[in-house]
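First comes the structure, then the notes that go with it.
The values are calculated or read from the model by the stated rules, or taken from the named source; none is laboratory data. Keep in mind the model is a prediction, meaning the values are calculated, not measured. Neighbour counts are summed over all protein chains in view; Cβ atoms, including those assigned to glycine, are modelled from backbone coordinates with ideal geometry. Side chains are part of the model used for accessible areas, which takes the heavy atoms of the whole protein and leaves out ligands, DNA and RNA. Shrake-Rupley method; radii C 1.70, N 1.55, O 1.52, S 1.80 Å.
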Amino acid sequence: MVKNYGLLIDGKWVENKKTLNVLNPFNQKKIASVSIASVAQIKNAIQNSQYAFKKWSRISVKDRSQILKNLFRIVKENKKSLSETITMESGKPISESMVEVDYGASFIEWAAEQSLGSYGKIFESPELDKKMFYIKKPVGVVAAITPWNFPLAMVTRKVAAAIAAGCSVILKPSELTPLTALKFGELSIESGIPSGVFNIINGDAQLIGKLLTESSIVKKITFTGSTKVGKLLMKNSSSTVKNISLELGGNAPFIVFDDANLDEALEGFIAAKFRNAGQTCISANRLFVNEKVFEKFQSMLVNRFKQLRVGNGFDDVDVGPLISNEALEKVESHIKDAAKKGAKLVFGGKRSDAGELFFEPTLVGNVNKQMQIFKKENFGPIIPLVKFKSEKDLIELVNDTEYGLAAYFYTKKTSRIWEIVENLEYGMFGVNSGKISTYLNPFGGLKESGIGREGSLQCLEPFLETKFISWRVND
Ligand code: NAP
């Protein structure tokens, strides 16, 4: 018998008969079921979050910080079981899941520390009879909607910062990976977070999204996911003029200049491309290589692709399955579209025999910018390879996308580094590195990759309001 997980509302677990199934993407076997929230339960969660906010926002930052430090410790203590749950429901290799737990936990510790340093400002007033200053206050009830690809880290990056700021949170995780979030919910109770401060609801995403965006109690929507859903939430939030943060899709370029250390560039690329089988918002999505090193780098890529181990995330592998049949079909359709428009397969190109939802690591050459594989987020283990000559043409081509999240480039020429960072329209850069994610990173993108930043020194800012006070001293 698989377990049925409930909803976390006002500190209590509520189970419903109506459930959704959670599958292991490795073999499509059912691993659990999760209660689907009714309209009344969603409204109840919103109402209770409001009561909880009133109390939580008045607790001292020192106490809030201490509770979050407890949560950080408990998450680290549960690293093994959390990692296993992540691999079970997302399919990613267990070594990556373990890194995700440390990464996810780092946001909790960081938010706990930053809450102690949250402050307003006092100004030298231009009017002598006045004192002028501003203070920071929590925005109120926060609705957080998260994707499946980092079932813990995308949750903690939002939830810890919101709670540290003094907000209460209603989380809606992805229906594909709700178990990690629910286990995190259990740990949150153990840490001493009071009832109603952190709630988790699952179920019909459209319905939940509608009720959360239309509620005047919910003051903030923080969303990580696709640009399509982000735009919808932004539109629906307009009726109540909600504060909104969006972490959306990407189309990351990975550039190898002729003076790059090619061995390092290769390993940086493999990390940036194949983490979570290419299913991350900052995955390398287009590979640009200078013509002078193109042939050499292409053959290095082919040799390296041959070594990648594809299989069950619980085995010693580099590349796991895709999350769903839709994801697999999307990857396949990009390959077909590219072939129709003249692309040539350099390596891979079809479903892998490792299991139903697996696709071979794939390198596609002779690519042009009309192809889906070049224009759209592939979200899979496939990569278009583009030869470039001049830096000017390269910059135009790299910027020719509606996305602007992450970009990577390898070069030894220091004078070029600043030039590229200035000219590329992206929010985050990996320079001679295929890894950019840490709690210090102001994580977010330009253009249609989103609005706002998460993590970093400003991690509490999206969950705070500014109140300005102009005070005439009259006694
Ligand atoms: P998604 O389909 O947009 O789903 C994200 C979340 O939104 C899920 O919880 C989903 O619920 C929910 N959702 C779907 N339709 C909704 C609606 N009408 N109203 C309210 N919520 C709705 O994205 P995904 O496939 O899970 O994640 C992949 C995407 O996330 C990629 O585009 C990736 O680039 C992006 N991403 C961005 C970042 C970043 O920091 N910029 C980080 C990670 C991922 P259900 O799953 O229950 O349908």
Quick check: residue separation of GLU124 and LEU232 times 0.36 nm, minus the Cα distance between them. What number comes out in nm?
34.6 nm
Would you kindly give the portion of the calculated P(r) for segment 49-148 that falls above 25 Å, as a percent of all Cα pairs?
43
Could you please state how large a percent of the accessible area of the chain is carbon and sulfur, counting protein chains only and using a 1.4 Å probe?
53
Rounded, prolate or oblate for segment 221-271? Axes are the square roots of the Cα gyration tensor eigenvalues, ordered a ≥ b ≥ c, and the cut-off for rounded is a/c under 1.5.
prolate
List the trypsin sites (Lys or Arg not before Pro) in segment 157-196 that DSSP assigns to loop (not H, G, I, E or B) and whose Cβ has at most 10 other Cβ atoms within 10 Å. Which are they?
none
Relative contact order [Cα under 8 Å, 6+ residues apart], the chain, whole percent
18
About the Cα centre of segment 47-183, how large is the charge dipole given +1 on each Lys and Arg Cβ and -1 on each Asp and Glu Cβ? Please answer in debye to the nearest 20.
500
Taking a probe of 1.4 angstrom, what is the accessible area of ARG472 in Å², to the nearest 10?
130
For segment 323-377, average projected area of the Cα convex hull in nm²:
3.6
What number, in percent, do you get for the relative contact order of segment 293-366 if the mean sequence gap of Cα pairs under 8 Å and at least 6 apart is divided by its residue count?
28
Here FRET efficiency (C-beta to C-beta, ASN4 to PHE429, R₀ 56 Å, nearest 0.05) is 0.80
Name the trypsin sites (Lys or Arg not before Pro) in segment 293-398 that are in a loop by DSSP and that have at most 15 other C-beta atoms within 10 Å, would you?
ARG309, LYS341, LYS350, LYS369, LYS389
Using helices alone, what [θ] at 222 nm do you get for the chain, with -39,500 (n - 2.57) per DSSP H run of 4 or more residues, divided over all residues and rounded to the nearest 500?
-12500 deg cm²/dmol
So how strong a dipole does the chain carry about its Cα centre when Lys and Arg Cβ are +1 and Asp and Glu Cβ are -1, to the nearest 20 debye?
940
For the chain: rounded, prolate or oblate by the Cα gyration tensor [a/c cutoff 1.5]:
oblate
Counting only DSSP beta bridges with both residues in the chain, what percent are antiparallel, rounded to the nearest 5?
45
Taking only Cα atoms, what is the 0 to 90° angle, nearest 10, from helix 262-274's long axis to the longest principal axis of the chain?
60
Among ALA165, THR438, ASN423, which residue has its Cα furthest toward the positive end of the charge dipole of the chain, with +1 on Lys/Arg Cβ and -1 on Asp/Glu Cβ?
ALA165
For helix 414-423, what angle does its Cα long axis make with the longest principal axis of the chain, in degrees from 0 to 90 and rounded to 10?
60
Virtual spin-label span in nm between ASN474 and ASP315, 7 Å along Cα→Cβ:
7.8
Taking Cα pairs closer than 8 Å and at least 6 residues apart, the relative contact order of segment 242-354 in percent is 23
Report SER125's accessible area, 1.4 Å probe, all protein chains in place, as a number in Å² to the nearest 10.
30
If you average 1/r across every pair of different Cα atoms in segment 344-475 and take the reciprocal, what Kirkwood value do you get, in Å?
18.2
Stretched out fully, how many nm does the piece from TYR51 to GLN458 gain, at 0.36 nm a residue minus the Cα gap?
143.8 nm
I'd like the GluC sites (Glu not before Pro) in segment 331-436 restricted to DSSP loop residues with at most 15 other Cβ atoms within 10 Å, sorted by number.
GLU356, GLU402
Cα-based Rg/(2.2 N^0.38 Å) for segment 187-328, rounded to two decimals, is 1.46
Per residue, in Å², the accessible surface of the chain once ligands and nucleic acids are set aside, probe 1.4 Å:
43
Which lysines, on any chain, are close to LYS341 with Cα under 18 Å apart, when same-chain ones fewer than 8 places away are left out?
LYS330, LYS350, LYS369, LYS375, LYS376, LYS387
